[in-house]
Amino acid sequence: MTKSLNQAVSMKQILDLVRDDLNRVEQAIGLETIGSVAAINTISHHMQAAGGKRLRPILLLLSSRLVSSRTETTEDAIQLAAVVELIHTSTLVHDDVIDEAKMRRGRPSANALWGNQMSVLAGDWLYMQAFQIAMRQRNFTILDILIGLTQMMVEGELLQLDRLGRIDISEADYMELVDRKTASLFNACCRLGAMAGSADDAMSARLGEFAWNLGMAFQLIDDVLDFTSKENILGKPVGNDLAEGKVTLPLLYALGETTREETRLIEIILKDRSYERVPFSTVLEIIEKYRGVERSLERANQFTARAKEIIDAFPDSPYQKAVLTIAALITERDR
């Protein structure tokens, strides 16, 4: 109880720092997602109304203020924060179509409500709208970052599709997917924020490295929560990743030590894409037996420790403390 209360207070302090800026970002997103076709407006509103942590725009805004001597956040930072949130939203829409997901953040997914075709096109529109906003900056470095990010994320999705249902996934394979699908976006957020705060290339790179480590830890914790959390917290069914054919780190660690019979049980789930023949509780027992969750948390903590080490080197300020707090909270989310 005390731990949760401390987290809430810390998060409130972070939000207090960027609340006005986040309101400006939300206003920008609202204005920029009005299309000439009703379906775009409907799906965009549905995705934005679902909420979310807004972690990526928050990281961008904090990075901008961390390196800037200005007393106010620049309009460039506000616009770029809207860009990264729109890119993130478009990837969620596309991911749900690819995964045939029915729920997103505790609500029906866009594809469950409007079908795959409309959802894919709406996701495309959101993505291109993000680029249209970015183009107004007239900055080729920003476009280079966003194009490189897009290639990384699409390649990650293609690699994941190729590996669905496979049990012969290595830790290096897994880390490559996390790098491409999650950490690369975190990296881009902080680099863009640093640029909006007029940081030099070296400082932007350092913040990018911080965010990459943070993104790696974030996804590892997400994958742990998929086994250990509850549906009302996750906003989607627990054990969903394995039921979709994805072998994530907690199970990957366990599979390195499972018996032939235990391995066969996991293979059945991957083949069936369900827990009808092998219950989810059996998977949890296997993961617990081989300390899959504990070992994954230890790995996540290594990434978080590196992220904190980088930020510790920055001058002390409310924004530096806020970024440090985010790094701590990521590995302490409710399990």
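The values are calculated or read from the model by the stated rules, or taken from the named source; none is laboratory data. As the structure is a prediction and not an experimental result, all values here were calculated from the model. Please note: Cβ atoms are built from the backbone with ideal geometry, for glycine as well, and neighbour counts cover all protein chains shown.
Within segment 281-294, how many residues are part of a helix (DSSP H, G or I), of a type outside the set (Asp, Glu) and surrounded by fewer than 17 Cβ atoms within 10 Å (Cβ to Cβ)?
Result for segment 281-294: 3.
Pairs under 6 Å by beta carbon, first residue farther than 11 Å from Ser198 by Cα in segment 56-80, partner surrounded by fewer than 24 Cβ atoms within 10 Å (Cβ to Cβ) and among the acidic types (Asp, Glu), six or more apart or different chains?
Here the result reads Leu61/Asp21; Thr73/Asp21, each pair linking segment 56-80 to a residue that is surrounded by fewer than 24 Cβ atoms within 10 Å (Cβ to Cβ) and among the acidic types (Asp, Glu).
Which residue out of Gly165, Gly115 is outside any helix (DSSP H, G or I), surrounded by fewer than 18 Cβ atoms within 10 Å (Cβ to Cβ) and not basic (Lys, Arg)?
One residue alone meets the criteria, Gly165.
Any chance you could count how many residues in segment 22-66 are out of contact with any Pro (no Cβ under 7 Å at 6 or more places or on another chain), among the β-branched types (Val, Ile, Thr) and under 21 Å from Leu143 (Cβ atoms)?
2
Quick check on segment 168-195: of everything there that is of a type in the set (Gly, Ala, Ser) and in a helix (DSSP H, G or I), which residue is farthest from Lys271 (Cα to Cα)?
Ala194
I need the full set of residues from segment 189-238 which are touching a strand residue (DSSP E or B) at 6+ places or on another chain (Cβ under 9 Å) and basic (Lys, Arg), in order please.
Lys236
How many residues, within segment 295-322, are assigned to a loop (DSSP other than H, G, I, E, B) and surrounded by 14 or more Cβ atoms within 10 Å (Cβ to Cβ)?
Of the residues in segment 295-322, 1 are assigned to a loop (DSSP other than H, G, I, E, B) and surrounded by 14 or more Cβ atoms within 10 Å (Cβ to Cβ).
Tell me which residues, restricted to segment 151-160, are closer than 18 Å to Leu86 by Cβ and free of Cβ contacts under 8 Å to residues at least 24 places away in the same chain.
Gln151, Val154
Here is a list of conditions, (1) farther than 27 Å from Lys246 by Cβ; (2) under 22 Å from the mean Cα position of the chain (by Cα); (3) among the β-branched types (Val, Ile, Thr), and Val67 meets all of them except one; can you say which number that is?
(2)
Just checking, which of Gly193, Gly165 is on the phi > 0 side of the Ramachandran plot and either at pLDDT 95 or above or touching a Phe, Trp or Tyr at 6+ places or on another chain (Cβ under 9 Å) (or both)? Break it down stepwise before answering.
Working: Gly193 fails: on the phi > 0 side of the Ramachandran plot.
Among Gly193, Gly165, only Gly165 is on the phi > 0 side of the Ramachandran plot and either at pLDDT 95 or above or touching a Phe, Trp or Tyr at 6+ places or on another chain (Cβ under 9 Å) (or both).
Just to verify a result, which residue in segment 228-252, among those that are under 17 Å from the mean Cα position of the chain (by Cα) and not in a loop (DSSP other than H, G, I, E, B), is surrounded by the most Cβ atoms within 10 Å (Cβ to Cβ)?
The extreme case among them is Leu249.
Of all the residues that make up segment 47-75, how many are outside any helix (DSSP H, G or I) and under 16 Å from Arg206 (Cα atoms)?
So the count comes out to 1.
Within segment 84-110, restricting attention to residues that are outside any helix (DSSP H, G or I) and touching a Pro at 6+ places or on another chain (Cβ under 8 Å), which residue is farthest from His45 (Cα to Cα)?
Here the residue is Lys102.
From the set of residues in segment 186-203 that are surrounded by fewer than 24 Cβ atoms within 10 Å (Cβ to Cβ) and touching a residue at least 24 places away in the same chain (Cβ under 8 Å), which is nearest to Asp21 (Cα to Cα)?
Of segment 186-203, the ones surrounded by fewer than 24 Cβ atoms within 10 Å (Cβ to Cβ) are 198-203.
In the following step, the residues that additionally are touching a residue at least 24 places away in the same chain (Cβ under 8 Å) were identified as 198-199, 203.
Numbers: Ser198: 18, Ala199: 19, Met203: 22 Å.
Ranking the candidates gives Ser198 first.
Pairs please, first residue from segment 253-272 and among the hydrophobic types (A, V, I, L, M, F, W, C) and surrounded by fewer than 15 Cβ atoms within 10 Å (Cβ to Cβ), second anywhere and at pLDDT 95 or above and not in a loop (DSSP other than H, G, I, E, B), Cβ atoms under 6 Å, 6+ apart in sequence or on different chains.
Every condition considered, no pair remains.
Tell me whether segment 119-139 contains one or more residues that are over 16 Å from Val83 (Cα atoms) and crowded, with 21+ Cβ neighbours inside 10 Å.
There is at least one residue in segment 119-139 that is over 16 Å from Val83 (Cα atoms) and crowded, with 21+ Cβ neighbours inside 10 Å.
So how many residues does segment 57-82 have that are charged (D, E, K, R) and buried (at least 24 other Cβ atoms within 10 Å of the Cβ)?
Final tally of qualifying residues: 1.
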